[in-house]
Amino acid sequence: MADLSTELCGMKLRNPVLLASGVWGETGATLARAARSGAGGVVTKSVGPDARNGYNNPTIVEVDTGIINAVGLSNPGIADFGKEVDEAKAGGVPVIGSIIGGDARTIADVAVRMASYGVAAVELNLGCPHAKGLGSELGHDPSVVKEVVATVKRAVKVPVLAKITPNVSDIRVIAKAVQEGGGDAVVAINTVRAMAISAPMAKPILHNALGGYSGRGIKPIGLACVWQVHKAVTIPIVGVGGIMTGEDVAEYLMAGATCVQIGTALQGRGEDAFKLICRELSKFMDENGHKNVHDLVGMAHR
């Protein structure tokens, strides 16, 4: 039987399928639930220096091959998040704290607080496409990305992952900036900027008009980005975007990812998504003679 265990930046993972930020990630109870449901690791909702309400409804709209969301990075703020991390850690898998902020110093301060709660690593949200002054508004500029990553690296001892945006002219430049800043891994990709319009009402459906597109429809984009990033950097890559099946995971690993994160798949496949996807990945590996996850990483480049 195939061995699904792997490692990311020193974190031991029982399988390569992690919970992505923004899904089930605001409370420790739901993070622990994802762990008990089979996730190899969990990423919290993006948390900033202060509580944030986010945007008014509607914040989510279903489209043919996924969903578009503009929640607005609502979060409880870092000061009260320690108890959530404690509860999440009870799930028994690595907990990665996702963080946001408007500048390098603020992000580093949040990272220090998050690290003090005992997370295994921090993930810098430099890719959200719909929050003013946050996410991709910082992450589109390689000099800013390098500064943010370097500032956080100087401030914390835990691994620093940077989640980057596909909404740029060349994602390789952004990935290189992460590596040059001392980042331990690149997470690719965040959601793709998108919108939906109600023709009868002749207006955008989302309150914010623009949102982030996730789900099956962005898988080819995510794969292409991971493929490009693998050629550009030597640090590990976490693949994200449109992963619904075990074979999807295999494709991301073959493109160069060390592990993956899933989010929208939980909507379609339910709480058992982690176990189902891992079972499908194991079956694929057994049928094709792959003994462990490491055999697959970068295989399509060889």
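The values are calculated or read from the model by the stated rules, or taken from the named source; none is laboratory data. Since the model is a prediction, treat every value here as computed from it, not as a measurement. Quick reminder, even Gly has a Cβ in these numbers, built from the backbone with ideal geometry, and neighbours come from all protein chains shown.
Worth a mention:
- Considered as a group, the residues in segment 248-266 that are under 18 Å from Arg14 (Cα atoms) and touching a Phe, Trp or Tyr at 6+ places or on another chain (Cβ under 7 Å) include one that is surrounded by the most Cβ atoms within 10 Å (Cβ to Cβ), and that residue is Val260.
- Restricting attention to segment 269-289, the residues that are at pLDDT 95 or above and in contact with a helix residue (DSSP H, G or I) (Cβ under 8 Å, 6 or more places away or on another chain) total 12.
- Among the residues listed as Leu206, Leu281, Leu223, the single one being buried (at least 19 other Cβ atoms within 10 Å of the Cβ), within 18 Å of Gly41 (Cβ to Cβ) and in contact (Cβ under 8 Å) with a residue 24 or more places away in the chain: Leu281
- Residues that are at pLDDT 90 or above and in a loop (DSSP other than H, G, I, E, B) within segment 72-91 comprise Pro76, Gly77, Phe81, Ala90, Gly91, listed in sequence order.
- Restricted to segment 130-174, and to residues there that are basic (Lys, Arg) and touching a residue at least 12 places away in the same chain (Cβ under 8 Å), the residue that is surrounded by the most Cβ atoms within 10 Å (Cβ to Cβ) is Lys163.
- Residue, farthest from Ala188 (Cα to Cα), within segment 231-247, restricted to residues that are of a type outside the set (Gly, Ala, Ser) and surrounded by 24 or more Cβ atoms within 10 Å (Cβ to Cβ): Ile243
- Here Glu271 clears all of (1) more than 13 Å from Leu19 (Cβ to Cβ); (2) surrounded by fewer than 18 Cβ atoms within 10 Å (Cβ to Cβ) except the condition numbered (1).
- Residue count for segment 132-182, restricted to those that are part of a loop (DSSP other than H, G, I, E, B), touching a strand residue (DSSP E or B) at 6+ places or on another chain (Cβ under 6 Å) and either under 13 Å from Ala232 (Cβ atoms) or aliphatic (A, V, I, L, M) (or both): 1
- Strands (runs of 3 or more DSSP E) within segment 187-268 that include 3 or more residues in contact with a strand residue (DSSP E or B) (Cβ under 7 Å, 6 or more places away or on another chain), closer than 30 Å to Lys291 by Cβ and modelled with pLDDT of 95 or more: 237-240, 259-262
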